[in-house]
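The values are calculated or read from the model by the stated rules, or taken from the named source; none is laboratory data. Only a predicted model underlies this, so the values are computations on that prediction, with no experimental measurement involved. Cβ placement follows ideal geometry from the backbone for every residue including glycine, while neighbour counts extend to all protein chains displayed. Calculation scope for accessible area: heavy atoms of the full protein, side chains included, ligands and nucleic acids excluded. Shrake-Rupley method; radii C 1.70, N 1.55, O 1.52, S 1.80 Å.
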Amino acid sequence: MAMTNTAGVTDKVAPESDTRPDISHDPDISHGDGDRERFAHYVQKDKITESAVTGSPVIALCGKVWVPNRDPKKFPVCPECKKIYEEMMA
């Protein structure tokens with residue numbers, strides 16, 4: 001059995017299962033660029049409102065681009081955004 005991903009590349013799938021043996025199922029615990037996903041970010045208030053209405057992405061002070069869909073109160077503030085914000089207010 002073969003499956004085609006969105007890039008048009010054909011991947012082999014084990015015939016007795018729907019799992020791909022070449023993909024690790026270990027969680028990603030890296031502290032690289034993915035840490036931005038674990039923080040609440042500073043974004044212009046009008047951009048947040050616009051995104052809520054249109055679904056367009058926003059750009060945080062640290063440069064992260066995404067469509068907000070989670071409660072930022074559940075996450076710590078991004079240290080990079082906080083530093084940039086404090087420098088702007090000084």
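Give the range 36-51 a look and list any residue that's more than 17 Å from the chain's Cα centre (by Cα) and open to solvent by 90 Å² or more (accessible area, probe 1.4 Å), or say none.
Kept after step one, since they are more than 17 Å from the chain's Cα centre (by Cα), are these residues of the range 36-51: 44-47, 49-50.
Matches in the range 36-51: 44, 45, 46.
I'd like the full set of residues that are part of a helix (DSSP H, G or I) and surrounded by fewer than 11 Cβ atoms within 10 Å (Cβ to Cβ), limited to the range 80-90. Within the range 80-90, 86, 87, 88, 89 qualify.
For the range 50-90, filtering for residues that are among the aromatic types (Phe, Trp, Tyr), touching a Lys or Arg at 6+ places or on another chain (Cβ under 9 Å) and over 14 Å from residue 38 (Cα atoms) leaves 0. When we screen 13, 9, 67, 77 for residues that are modelled with pLDDT under 50 and surrounded by 11 or more Cβ atoms within 10 Å (Cβ to Cβ), the only hit is 13. Contact list please: Cβ distance under 6 Å, first residue in the range 55-83 and in contact (Cβ under 8 Å) with a residue 60 or more places away in the chain, second residue surrounded by 13 or more Cβ atoms within 10 Å (Cβ to Cβ) and outside any helix (DSSP H, G or I), pairs at least six apart or on different chains. Qualifying pairs under 6 Å: none.
Can you find, within the range 52-64, the residue that is most open to solvent (accessible area, probe 1.4 Å) among those that are outside any helix (DSSP H, G or I) and among the hydrophobic types (A, V, I, L, M, F, W, C)? Only one residue tops the list, namely 59.
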